[in-house]
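Input: a single structure, listed below in structure tokens.
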Amino acid sequence: MPVSLDTEGARALAYRLQQNIRQAIVGKDQAIELMLIALICKGHILLEDVPGVGKTTLAAALARSVSCTFSRIQFTPDVTPSDVTGYTMLNMSSGQMEFKSGAVMSQIVLADEINRTSPKTQSALLEAMEERQVTVDGVTHALPQPFMVLATQNPVEFAGTYPLPEAQLDRFLLCVTLGYPTVAEEVDILERYTAAEQPPIRQLQPVCAAQDLLRLQGLLTQVYSSPELRQYIAEIAAATRAHPMLSLGVSPRGAIALLKAAQALALLSGRDYVLPDDVRRLMKPVLSHRLQLTPEARMKAVRADDVLDELAAAVSVPVKRRA
């Protein structure tokens, strides 16, 4: 049933999605919430962690929870850009050139182990992620809406991986690290996989339609952000560019992403206005993967999260809020 265009309808839809995904994922409520934020913002999400902690399962659970077209790209060194975007070929019957769509021509795209393919193939996603279109042989093809890329990657320390370029990292709205489950959570996982005849992910059914997602995304512009809050985000971005431990700070695209993510979090919280706490809560998942540390910082084992903690304490928080 379509949701109503208000904050309560948004919360109801988000709750249905969250509960459905939790049938297949144990103990990752924060990661699920971040995925819903990315979905509302028309953004893309990067799931980064060691193999086997549920990155692919989490992405697939979201895809199965919505009635959207879905495709999965298993990235390997031999995947080519045309496998992603598509190609044109001659139709021998008609004598005309025809476009054969690639895996990216779906509403939900799972880019599994994206850093195991070459940088040339990785770059094939750049236009699709930013402009929601692909250009093949000079002809532009629009992507279906809504459109979202869920990418997984293993840490670059693992053999056979290629670091993602900064231009592509900047196109991911959020970067999420899942981490290992607690002992209690792992016991729950074992029970679920021994009690069922098939994995829990296979049992998920869609709980909303593509039109519901489009209406939910349309609510984002109705969430109010004060001039003081926008000033706060701009000062955070400027502070990253001047920090001595960073060789690359947050781009304007990153500042926009932080504002939109905060609006989505407010919407999920049942509010039509953004609080500074929303911004502070989302600083790390939105900004950490966009920062590049200096060689000196890496030698001292400084992390991007450490820099963001420092900036969160240093930048003044606005006190004026919407009445």
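Laboratory data are not the source of any read-out in this text; all were calculated from the coordinates shown. Worth saying up front: this structure is predicted, and the values here are computed from it rather than measured. Backbone-built Cβ (ideal geometry, glycine too); neighbour counts: all protein chains shown.
Observations on the model:
- Using a cut-off of 25 Å between Cα atoms, the listed pairs LYS120/LYS284; LYS55/LYS284; LYS260/LYS284; LYS120/LYS260 include LYS120/LYS284; LYS120/LYS260 as exceeding that distance.
- Evaluating 6.51 cos²θ - 1.76 cosθ + 1.60 at θ = phi - 60° for every residue in the stretch 176-191, the Karplus couplings come out as 10, 10, 7, x, 6, x, 6, 4, 4, 5, 5, 4, 4, 4, 4, 5 Hz, glycine and proline recorded as x.
- The DSSP beta bridges internal to the chain are antiparallel in roughly 35% of cases.
- The peptide list 148-154, 25-31, 199-205, put in order of mean Cβ contacts within 10 Å with the highest first, becomes 148-154, 25-31, 199-205.
- Centroid-to-centroid, using Cα positions, the stretch 174-222 and the stretch 271-323 are 27 Å apart.
- Nonlocal amide H pairs with ASN154, under 5 Å, H built at 1.01 Å: ASN115
- Ordering of 278-291, 59-72, 91-104, 125-138 by burial proxy (mean other Cβ atoms within 10 Å per residue, highest first): 278-291, 59-72, 125-138, 91-104
- For VAL66, distant residues with modelled amide H under 5 Å away: VAL207
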